[in-house]
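Report on the following structure.
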Amino acid sequence: MKSESINIGQKIREIRLKMNITQKQLCDGICTQANLSRIENGICLPSSYIIQQFSERLGIDSSYLLTNNQELQQDYIDEFYTVVRRHLTNREYESVLKMVQKEEKNPIFSNIKHQQYLFLYKGLCIFYLHKKYNKAIEFIDHALSLRDPHGFYNEVEIEILITKAMILYDHGDPKASITLYKKIITIINEKKELNNKLIYNRVYYNYTRVLVDEKQFREALKICTRGISYCKRFYSMYYLADLYLHKATIHWNLNEKELCRKSLLKARAISDVLDNKLIFDICQQNLSEYFS
């Protein structure tokens, strides 16, 4: 750890001095001058965020600072995915696209798994930002082409397939989307259990959404119920309120009013715990309209 601290600190100091930049100029708005001094003297390691900020200010590739620092490389990668997923949750596709374009030639993202994710994110952003369907599918299919054609689908590739199914539907091709969701569920069922349990929530929620929109309520009820059971099995609240809200819609359309009411109450209770105001307000409105 000490040698890694000295290594990266020396690199920052050398580049800073070559560019005739003071410590105060380099760290302004990033960290304290005392912290920069500790980093340059090898006393502490900078966070992945600080590495990224220093790299941008010095006009260098962050991979130069990360070379031969395995722990820092992993921290940087983990932070990248955390920030990307936060942006995706908030539908901040432009921010994600900028991050991907910045890192796509970074050597630390050169393995197949990282390349698949980068192509996936590019396809997703290009579709939802610019509505370039063909280009988006091209990127996503390229991500899938990197897989072992003779092996089983891994969890990264299942996530890619889910995203492709979402894009197919949002582009206006529900038939192709439903066909792909059926394939994804078959792939999942062939596995003993996924490590990333959120994949179950994502596929069953999104598949339910498509079936409800297409008014295939009996099939939607089966898929939605299965999604809820996975949430309960793995103690996950992810999409649980949304699934109960869909379940309420399904029961209402099947003229099962009491089951609709119970599902709305469950969706409202869960969304209240999660401070999900959007779902909570929809539940309140539906309860008022349907059962006043």
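Under the classification rounded if a/c is under 1.5, otherwise prolate if a/b is larger than b/c and oblate if not, where does region 91-141 fall, given a ≥ b ≥ c as square roots of the Cα gyration tensor eigenvalues? Verdict is oblate for region 91-141. Checking the Cα-Cα distances for K247/K277; K164/K257; K132/K266 against a 29 Å cut-off, the pairs over it are K164/K257; K132/K266. Kindly identify region 168-292 as rounded, prolate or oblate by the Cα gyration tensor criterion: order the square roots of the eigenvalues as a ≥ b ≥ c, call it rounded if a/c is under 1.5, otherwise compare a/b with b/c, prolate if a/b is larger, else oblate. Judged from the Cα gyration tensor, region 168-292 comes out oblate (a/c at least 1.5, b/c at or above a/b).
Measuring only protein heavy atoms, the 1.4 Å probe finds L120 accessible over about 10 Å². For q = 0.12, 0.16, 0.22, 0.23 Å⁻¹, what log10 I(q)/I(0) does region 1-91 give under the Debye formula with an equal point scatterer on each alpha carbon and no solvent? For region 1-91, the Cα-only Debye profile gives -0.36, -0.62, -1.08, -1.16. The equivalent ellipsoid that matches the C-alpha gyration tensor of the chain spans semi-axes of 44, 23, 17 angstrom, in descending order. Of the residues K18, K197, K113, ranked by 1.4 Å probe accessible area with the largest first, the sequence reads K18, K113, K197.
Rounded, prolate or oblate: which one fits region 199-264, using the alpha carbon gyration tensor with axes a ≥ b ≥ c (rounded when a/c is under 1.5, else prolate when a/b beats b/c, else oblate)? It is oblate, given that a/c is not under 1.5 and a/b is not larger than b/c.
Give the ranking of T186, T163 by solvent-accessible surface, highest area first, calculated with a 1.4 Å probe. Kindly include the intermediate steps, with their values, before the conclusion.
Working: T186 70, T163 5 Å².
Descending order: T186, T163.
The magnitude of the dipole of region 1-90, with charges of +1 and -1 set on the Cβ of Lys/Arg and Asp/Glu and taken from the Cα centre, is near 260 debye. So how tilted is helix 198-213 from the main axis of the chain? Cα-based, degrees 0 to 90, rounded to 10. That helix lies at roughly 40 degrees to the long axis. For the chain, a simple Cβ point-charge model (Lys and Arg +1, Asp and Glu -1, everything else neutral) yields a dipole of about 460 debye relative to the Cα centre. Ranked from largest, the principal axis spans of the Cα set of region 86-197 equal 37, 35, 24 Å. Looking at the chain, the accessible area is 53 square angstrom per residue; that uses a 1.4 Å probe and ignores ligands, DNA and RNA. Of the residues N134, L120, L97, the one whose Cα sits farthest toward the positive end of the charge dipole of region 81-149, with +1 on the Cβ of Lys and Arg and -1 on the Cβ of Asp and Glu, is L97.
Adding -39500 (n - 2.57) for every DSSP H run of four residues or longer, then dividing by how many residues the chain holds, sets the calculated 222 nm ellipticity at -24500 deg cm²/dmol.
Heavy-atom accessible area, probed at 1.4 angstrom with all protein chains present, ranks D148, D141, D242 as D148, D141, D242, highest first.
For the peptides 87-100, 202-215, the ranking by mean Cβ contacts within 10 Å, running from highest to lowest, is 202-215, 87-100.
The values are calculated or read from the model by the stated rules, or taken from the named source; none is laboratory data. For clarity, every value in this text was computed on a predicted model and none was experimentally measured. Positions of Cβ are backbone-derived with ideal geometry, glycine not excepted, and every protein chain shown enters the neighbour counts. For accessibility, only protein heavy atoms count, side chains too; no ligands or nucleic acids. Shrake-Rupley method; radii C 1.70, N 1.55, O 1.52, S 1.80 Å.
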